[in-house]
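This report concerns only the one structure given below.
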């Protein structure tokens, strides 16, 4: 409820009313992930963060996009509450504007993610170009050999017989 309705009807705010009645808001249960999934996600996140560490001033843009998204979400919540307390004839337009604020928040988050992905892609392309320019076939330190399909099948067949 907005302050004006609470003051008009002389009722306490919803949070105070729930606390007075002893009602607590239950947190939604979160799905549990297996430790393997969590470890894989953390490993991937660490790799991405390590790749992004070489880019300067990426954090400034991230902070700005987070602020835009947060402000848009706050505006959405305020406009939605206002629309709920208006006459039906006018609340449709307010809900439309609130939805636009929600879209703005989503676009800010998308822009942040797309910038990170583009940065990673450019870093990978640069690494590839550096590797090709250096004349290195394989810069990963592998000592493996290349086989065509038939040779590989022969080796697998020999290993299976042993």
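For the range 66-91, a residue qualifies if it is farther than 23 Å from residue 14 by Cα, out of contact with any helix residue (DSSP H, G or I) (no Cβ under 6 Å at 6 or more places or on another chain) and either surrounded by 12 or more Cβ atoms within 10 Å (Cβ to Cβ) or in contact (Cβ under 8 Å) with a residue 40 or more places away in the chain (or both), and the qualifying residues are 66, 70, 71. Exactly one residue out of 46, 146, 136 is modelled with pLDDT under 80, in a loop (DSSP other than H, G, I, E, B) and surrounded by 10 or more Cβ atoms within 10 Å (Cβ to Cβ): that is 136.
Could you say whether any residue in the range 82-93 is assigned to a helix (DSSP H, G or I) and within 30 Å of residue 47 (Cβ to Cβ)? No, every residue in the range 82-93 fails to be assigned to a helix (DSSP H, G or I) and within 30 Å of residue 47 (Cβ to Cβ).
Can residue 101 be described as more than 23 Å from residue 63 (Cβ to Cβ), at pLDDT 85 or above and surrounded by 11 or more Cβ atoms within 10 Å (Cβ to Cβ)? No. Residues considered: 67, 78. Of these, the only one that is over 30 Å from residue 117 (Cα atoms) and modelled with pLDDT of 85 or more is 78.
The values are calculated or read from the model by the stated rules, or taken from the named source; none is laboratory data. Given the structure is predicted, the values throughout are model-derived calculations rather than measurements. Positions of Cβ are generated from backbone atoms using ideal geometry, with glycine treated the same way; all protein chains shown enter the neighbour counts.
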